[in-house]
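What follows is a set of notes on a single structure, which appears directly below.
The values are calculated or read from the model by the stated rules, or taken from the named source; none is laboratory data. This is a predicted model, so every value here is computed, not measured. Note: accessible area is taken over every heavy atom of the protein model, side chains too, but ligands, DNA and RNA are not part of it. Shrake-Rupley method; radii C 1.70, N 1.55, O 1.52, S 1.80 Å.
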Amino acid sequence: MSSKMLQFVKTEKQMPEKRTAAERAKDFDEIYADFSKAKAEEQASRCSQCGVPFCQVNCPLHNNIPDWLMLTAENRMQEAYEVSAATNNMPEICGRICPQDRLCEGNCVIEKGFESVTIGAVEKHITETAFENGWVKPAAPAIEREQSVGVIGAGPAGMAAADMLRRRGYQVTIYDRYDRAGGLLIYGIPGFKLEKDIVERRARLLADGGITFKLNCNIGTDISFAEIREQHDAVLIATGVYKARDIDLPGAELDGVVPALSYLTASNRKSLGDEVAEFDNGMLDAKGKNIVVIGGGDTAMDCVRTAIRQEANSVTCLYRRNKANMPGSQREVANAEEEGVDFQWLSAPQEFTGSDKVEAVLAQRIHLGQPDETGRQVPQIIEDSTYELKADLVIKALGFDPEDLPTMFNEPALRVSKWGTVAIDWKSMMTDLPGVFAAGDIVRGASLVVWGVRDGRDAAERIDAYIQAELRGETKAAG
Ligand code: FAD
Ligand code: SF4
Ligand code: SF4
């Protein structure tokens, strides 16, 4: 093993520098700096090169983490980039926004009593170094194939699949109903976690490699799903999940009670320089307002932190369980706390009040009771515990479900699960429709970017196998 490694005994874990809460509240820029070259080398050298690397096992992409850590520690950055890019189509994005505490870093078994290696930050550093040095190149397939694939959805799953298919020489078109590529990377996730030019740079790279983007193109409205199937040898559905879970409480229909994604999209569009009527008229702008966000996941954390940056008067997060049971990344909760968000743990909304628009939230205190069959303690309302929170804008961040795809696509034979996600055969990744595959959130339900990339890569491999089998005349049965 390289003598540079195993430095965890004398070198402490360090994250890249984080801007102070006061400073970062002034803009939507990322809060973490990039590692310097020396720091990346130092931190990578803490890895103990485990025989069975649990970091790698628990990365959905099974990234070859020990190898690229060693190459970074030895300042062999181009090789580190090649190893990293071999398993990940957007390492600079995953390095920034994967919940590493639950995935690679959370499973780093460096040695009892020592903190994990900062894997995500090194992954980001490797690819940023590669971009700076011109090592990141658009796809240049060795052969061009006549066959084409239509990808519906330009999120991480669609982009990863398109990238892999293009590298194999297929003609690839990505269709997206939005005016920009990236899916939730561009309009969901705020700039303080992932700056927009990082997403645009990736999309540009795909276009430079010969992938055609048809934006502002809603499949099912602008072009029928049947037409897409006719135009291409195979189709990938990677449309994500967008139906916001609602809240059925008195006053929920009042003006000023809004879904999280409308709020975040408006803010992201403003950062990108767009005119946004609902923001410009003040409706979706938190400035000077009392904001209450309902929910405890990543989306809720993104909303509270966006409201802080929009100079809200107060920002409160209501969550019905306690901090230890928050579904969101603990790192993001800590960042929100530092930035001044008031967390009301063990609290649930009871009613929204106001005359023509929302003015307050009546909330009740919760006690966590016995665990249910899933092992999670059941929230129970404490009687006579109602209290009032002033609210000019209430943001509902309760999760997302799939839209009704068979209806949207006018394709009743597209089988969906009881949750509305598209049903696939996991081995072939094909839906019940021959030649139609699916990947990402639309299959898993709301998940993570890294799982979208994984699914996109797997789907590309299966689509390639399917098209090649078709060409050989080995027609495969669907599903
Ligand atoms: P999406 O990213 O949703 O992309 C789907 C695309 O399909 C969209 O561009 C949409 O416009 C397009 N589309 C849909 N229907 C049609 C149609 N009929 N015709 C044409 N185009 C269509 N994950 C993390 O790992 N880390 C995080 O920090 C994180 N933060 C998040 C914050 C928020 C606010 C949200 C909402 C999610 C977050 N996630 C995070 C989850 C992550 O963004 C998703 O899991 C991931 O983007 C899913 O990728 P996808 O490609 O399946 O779908
Ligand atoms: Fe960790 Fe995500 Fe990178 Fe995998 S892709 S190594 S889980 S940061
Ligand atoms: Fe290195 Fe930690 Fe992975 Fe072991 S688990 S190989 S110490 S990063």
So what does residue 424 come to for accessible area, using a 1.4 Å probe and Å² rounded to 10?
-> 20 Å²
Taking the inverse of the average 1/r across all pairs of different Cα atoms in the range 322-479, what Kirkwood radius in Å do you get?
-> 19.9 Å
What residues have an amide H closer than 5 Å to that of residue 243, excluding those fewer than 5 places away on the same chain, when H is modeled at 1.01 Å from N in the peptide plane?
-> 401, 403
Which ³J(HN,Hα) values, rounded to whole Hz and listed in residue order, are derived for the range 197-210 from phi using the Karplus coefficients 6.51, -1.76 and 1.60 in 6.51 cos²θ - 1.76 cosθ + 1.60 with θ = phi - 60°, glycine and proline given as x?
-> 5, 5, 6, 5, 4, 5, 5, 4, 4, 5, 5, 5, x, x
Grab every C-alpha pair in the range 30-98, bin the distances at 10 angstrom width from 0 up to the longest one, and report whole percents.
-> 20, 53, 27, 0
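Any idea of the accessible area per residue across the chain, 1.4 Å probe, to the nearest Å²?
Counting only protein heavy atoms, the per-residue value for the chain is 43 Å².
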Under a cut-off of 20 Å between alpha-carbon atoms, report the lysines in cross-link reach of residue 10, not counting same-chain residues fewer than 8 places apart.
-> 37, 39, 112
Surpassing 29 Å at the alpha-carbon level, of the pairs 13/427; 270/390; 323/357, are 13/427; 323/357
What would the Debye formula give as log10 I(q)/I(0) at q = 0.10, 0.13, 0.20, 0.22 Å⁻¹ for the alpha-carbon point model of the range 255-396, no solvent?
-> -0.34, -0.57, -1.20, -1.37
Long-range amide H contacts for residue 214: which residues qualify at under 5 Å (H placed 1.01 Å from N, peptide plane, sequence gap of 5 or more or a different chain)?
-> 174, 175, 176
Debye log10 I(q)/I(0) for the chain, one point scatterer per Cα, at q = 0.12 Å⁻¹ = -1.15
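From the protein chains alone at 1.4 Å, what is the descending order of accessible area for 426, 451, largest first? Each step should come with its number before you reach the end.
On the way: 426 130, 451 75 Å².
Final ranking, largest accessible area leading: 426, 451.
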Tell me, what does the Kirkwood hydrodynamic radius of the range 7-132 come to in angstroms if you use every pair of distinct C-alpha atoms?
-> 14.6 Å
